[in-house]
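The values are calculated or read from the model by the stated rules, or taken from the named source; none is laboratory data. Here the structure is a predicted model, which means the values were calculated and not measured. A quick note on method: Cβ atoms are made from the backbone with ideal geometry, for glycine too, and the neighbour counts reach across all protein chains shown. These accessible areas exclude ligands, DNA and RNA; they are computed on the full protein's heavy atoms, side chains included. Shrake-Rupley method; radii C 1.70, N 1.55, O 1.52, S 1.80 Å.
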Amino acid sequence: MSEKPLLLKIASIVIYLTAFISVCLFVNTQMVKYDYFIYLYGTSTAPGSKALVKVLSRDGELVSNPVVFVNGVKQPSSLIDLRPDMKEIKVVFGTTDAVFPLKYKDVADYSFKPQKKLRPTKQEAEKAKIVNAGNRKIFLLPENFRAVSEFETTVGLYCTEEDKPCTDTSIFLDGSQHELKNGFMKFTTVFGKDQGVNVSFENGDSGYIPIPYPGKMFKFYKTKDSITLASLSDIKSVHIDCFNEGKWVGTDIVSVSYEGLVLPKVYTQCDTVQASLNSASPGTMFAVLTNIKTPVGKVDDPYYSALSKAFQHFSPSAQKYFTSSYNSSFFQPLSMIFSGEKLEKEFNAARDKELSAYRIMLIISSILGFALFAYIMFKNIKVVEDEDGEVISNSLAKQRAIAICALAFFALFILGLLYFLNNLA
């Protein structure tokens, strides 16, 4: 065997093997997708600050009860400390794990806007009607804002007349008489679907008083030594936030049922406890328990502000109850301090760079393969004659036409393969 045919065979094997490997690597890399996104929530990105880790799948489903590792060290919960040496966060759930090359610098450089406290919406405020009973205005303030009518609720009833506590000494609630002290009293009831109470006075004045801002899901029960959270239905991912002096201390994600969950002892040391389905975006489905003794914001809500005109004339206990109820109408959302979309962009950029390298390898090997194929095809074109001199092969023109068609098919195949690979889902 001559040296030249051997070199051609070796070249063919190398070229086509390179093309095959390039296609396999390209397909494998193209099929690798960014399936999970990591988000960090908190109020600061300074070193030592707390951050709540959340992981969402590509279809938007929240990963529940993940085990979080920072730099390979297992964390006690989804709450982590932002440390300058942070290089990686790994999240394990079930048999799946997702590794995020998240450095502290990525978080520190992320621009975020602290969220403002949430208040009742304009539509809710318009529905919170103040009802009169004769010349008196009657206000119902649940101990926790957004009272859920299916739960037993303690309610403060305020009666005013000309912006002062009314002088009546008693009031009838759904036909039952109760003592009224300086226009104020507290009672406990389960409102039910009517979400209100019938009131009347000895002179015959009456009215139906609805809850101003009815709730939908959560209820706090507080004793001297514990705090219990209950939910109308069983929910696995309830966010419990703790604040002290306006600063976020931390968040636990827990499961809550109608029977209630006794929160960890540490929550009794929080001046504000929040419950929601999402600390960053709770909507109107939340509950707040607070013992802050001064209003946390301007009393500008139409319902509360109408009662605040007579505030100074009520007893200290009635004023304290008003402040507690009003403060529980505020919800402080957590801010997103890092979005996993940044990591996805970096992942896609690295993958595109790798795909470009495999694409170039494939194009180069295809061009070399095309050239080698053309060389072999045209080199083997010849006219064959039998012993009598009669031509027994195709004519040169026909053989060249067949070779050109074969090369054209080869080129179309390579172009089609590149198109398919580039548009591979």
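Assorted remarks:
- Ser44, sole failed condition from (1) within 28 Å of the chain's Cα centre (by Cα); (2) part of a helix (DSSP H, G or I); (3) among the small types (Gly, Ala, Ser): (2)
- Filter pass, Tyr258 being at negative phi and open to solvent by less than 40 Å² (accessible area, probe 1.4 Å): no
- Here Val107 does not qualify as assigned to a strand (DSSP E or B), at pLDDT 90 or above and more than 30 Å from Asn291 (Cβ to Cβ).
- The set of residues in region 172-182 being under 20 Å from Lys129 (Cβ atoms) and either at pLDDT 95 or above or open to solvent by 40 Å² or more (accessible area, probe 1.4 Å) (or both) consists of Asp174 alone.
- Of all residues making up region 220-241, the number that are within 24 Å of Leu52 (Cα to Cα), open to solvent by 50 Å² or more (accessible area, probe 1.4 Å) and part of a strand (DSSP E or B): 1
- Leu17 vs. criteria among the hydrophobic types (A, V, I, L, M, F, W, C), touching a strand residue (DSSP E or B) at 6+ places or on another chain (Cβ under 6 Å) and not in a loop (DSSP other than H, G, I, E, B): no
- Residues that are more than 16 Å from Ser281 (Cβ to Cβ), polar (S, T, N, Q) and outside any loop (DSSP other than H, G, I, E, B), drawn from region 242-262: Asn244, Ser255
- In region 261-277, the residues that are open to solvent by 40 Å² or more (accessible area, probe 1.4 Å) and either farther than 22 Å from Ser149 by Cα or modelled with pLDDT under 90 (or both): Pro264, Lys265, Val266, Thr268, Gln269
- Criterion: of a type outside the set (D, E, K, R) and in a strand (DSSP E or B) - qualifying residue of Val53, Val27, Val23: Val53
- Any chance Ile211 is open to solvent by less than 30 Å² (accessible area, probe 1.4 Å), in contact with a strand residue (DSSP E or B) (Cβ under 9 Å, 6 or more places away or on another chain), within 16 Å of Ala147 (Cβ to Cβ) and among the β-branched types (Val, Ile, Thr): yes
- Matching residues, region 23-79, being among the hydrophobic types (A, V, I, L, M, F, W, C), buried (at least 16 other Cβ atoms within 10 Å of the Cβ) and under 23 Å from Tyr104 (Cα atoms): Phe37, Ile38, Leu40, Ala51, Leu52, Val53, Val55, Val63, Val68, Phe69, Val70, Leu79
- Residue among Tyr358, Tyr321, Tyr375 that is at pLDDT 90 or above, farther than 30 Å from Lys113 by Cβ and in a helix (DSSP H, G or I): Tyr321
- Output for region 242-253, where each listed residue is open to solvent by 30 Å² or more (accessible area, probe 1.4 Å) and among the β-branched types (Val, Ile, Thr): Val249, Ile253
Let's see how each residue does on (1) surrounded by fewer than 18 Cβ atoms within 10 Å (Cβ to Cβ); (2) assigned to a strand (DSSP E or B):
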{"position": "Ser111", "(1), (2)": "yes, no"}
{"position": "Lys129", "(1), (2)": "yes, no"}
{"position": "Asn132", "(1), (2)": "yes, yes"}
{"position": "Gly156", "(1), (2)": "no, yes"}
{"position": "Met185", "(1), (2)": "no, yes"}
{"position": "Glu202", "(1), (2)": "yes, no"}
{"position": "Lys216", "(1), (2)": "yes, no"}
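- In region 80-92, the qualifying residues are those that are open to solvent by 60 Å² or more (accessible area, probe 1.4 Å) and either closer than 23 Å to His239 by Cβ or among the charged types (D, E, K, R) (or both), and the one that is farthest from the chain's Cα centre (by Cα) is Asp85.
- Identity of the residue in region 45-77, in contact with a Lys or Arg (Cβ under 9 Å, 6 or more places away or on another chain) and at pLDDT 90 or above, that ends up nearest to Lys236 (Cα to Cα): Val67
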